[in-house]
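J.: I'd like to ask you about the structure that follows.
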Amino acid sequence: MDMDRRMLPVQGPAQLWMFTALPMETGLRDQQDLMSYPFFSLSKGARMQPIQYAQGPVSIEVKGVPSFGIATIWDADVLIWAASQLAAAMNQRLPTSPRICASLGEILRFTRRGTSLHDYQRLRAALNRLQTSTVMTTLRAEKLRHQHRFSWIAEWQELVHESGHSAGIEIVLADWFYAGALDESSLLSLHPDYFRLTGGLQRWLYRLVRKHGGRQRAGWRFPLRQLHARSGSLQRYSDFSLEIRRLITRPLLDYQLWLERGQGSDSLCFRPVRKR
């Protein structure tokens, strides 16, 4: 694939232009909706039980298929890469499109992964889960309260040389995700070491803390039971609470976490680490 291209016309019903991933290193950008709600499995094993969440006007249901399971929070690295690419393009006043072409190696390097055969196979599996997981949500429905149903990736294809080596991939992002990525006010930066976080709950917690704690010096707090519901975790509350207590023994990247006892429930508190 000629990675010097910026936009190419694509034939087909949608007549979408194709945005070629930018070759330079970009900062990490994530969508606030994805950071605040339970859209992804936190387990590395295949999760088949649907994620269901409802609070006030917000409802979310995520389902997978038996052959792949629900997209995981590690699979969401691909969406962080896509949002980061679109943000970088907008900063440079370049046209964008939900159809993106890139090399698998570019995505692997951006997400701080290796480039072995196994890493390539894992990335293809992630793309399959993102394409086969279906989300139904009322988020961004405003006053209509309608359910929006989509998959994170509408379709994807890999181009292959006659030698059998990959020539790159084309990904078509869901309109719901693409619209959010184009709203610069909905994007937040992530710590450069985010991809080094290995635990599913650890990754989810950082994203939630980054979204709600932001740069507020006074920090933020969540009752642990509310946090448990927000995670979509299959863990029992007692096990979830125990794992949270293990995580707060040290800073979570650039946030300090601690627990406060309340009437009937403990709360997780967090604030940015003060720089010396």
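J.: Is any helix in the chain, taking whole DSSP H runs, at least 18 angstrom long along its axis by alpha carbon and on average at least -1.0 on the Kyte-Doolittle scale, and which ones?
T.: Qualifying helices: 77-91, 117-132, 200-213.
J.: Looking only at Gln32, Gln55, Gln202, which one moves most when the chain is put into a Gaussian network model with springs between Cα atoms under 10 Å?
T.: Comparing Gln32, Gln55, Gln202 in the GNM, the peak value goes to Gln55.
J.: Okay, next question. Say we join alpha carbon atoms closer than 10 Å with springs in a Gaussian network model of the chain; which of Arg236, Arg113, Arg99 then has the biggest fluctuation?
T.: Arg236
J.: Okay, next question. Counting alpha carbon pairs within less than 8 Å and at least 6 residues apart, what relative contact order, in whole percent, applies to the range 11-117?
T.: 35
J.: Test of understanding: in a Gaussian network model of the chain with alpha carbons linked when under 10 Å, which of Leu28, Leu16, Leu79 would top the mean-square fluctuation ranking?
T.: Looking only at Leu28, Leu16, Leu79, the largest GNM fluctuation is found for Leu16.
J.: Which three semi-axes in whole Å describe the equivalent ellipsoid of the range 7-189, each the square root of 5 times a Cα gyration tensor eigenvalue, listed largest first?
T.: Semi-axes (√(5λ), whole Å): 26, 21, 16.
J.: Using a simple charge model, +1 on the beta-carbon of Lys and Arg, -1 on the beta-carbon of Asp and Glu, nothing else, what dipole does the chain show about its Cα centre, in debye to the nearest 20?
T.: It comes to approximately 1340 debye.
J.: Also, quick follow-up: When only Cα pairs under 8 Å and 6 or more residues apart are kept, what is the percent relative contact order across the chain?
T.: 20
J.: Quick check: from the Cα gyration tensor, does the range 197-272 come out rounded (a/c under 1.5), prolate or oblate?
T.: Oblate is the answer for the range 197-272, as a/c is 1.5 or above yet b/c matches or exceeds a/b.
J.: Please give me the summed charge of the neighbours of Arg99: other residues whose Cβ is under 11 Å from its Cβ, Lys and Arg +1, Asp and Glu -1.
T.: -2
J.: Something else about it: Just want to confirm a number: the relative contact order over the range 125-274, from Cα pairs under 8 angstrom separated by 6+ residues, in percent.
T.: Over the range 125-274, the number comes to 16 percent.
J.: Further question: What is the extension gain from Ala54 to Val273, computed as 0.36 nm multiplied by their sequence separation minus the C-alpha to C-alpha distance, in nm to one decimal?
T.: 75.6 nm
J.: Moving on to the next point. Just report the Cα centroid separation between the range 14-81 and the range 170-242, whole Å.
T.: The range 14-81 and the range 170-242 have Cα centres separated by 11 Å.
J.: Ranking Lys211, Lys63, Lys44 by Cβ neighbours within 10 Å, fewest first, what do you get?
T.: Lys44, Lys63, Lys211
J.: Most exposed first by the Cβ proxy, i.e. fewest other Cβ within 10 Å, how do Glu243, Glu184 rank?
T.: Ascending number of Cβ neighbours within 10 Å: Glu184, Glu243.
All of the numbers you see were taken from the coordinates with simple rules; none came from a lab. From a predicted model like this one, the values you see are computed outputs, not experimental measurements. Glycine gets a Cβ as well: all are built from the backbone with ideal geometry, and neighbour counts include every protein chain shown.
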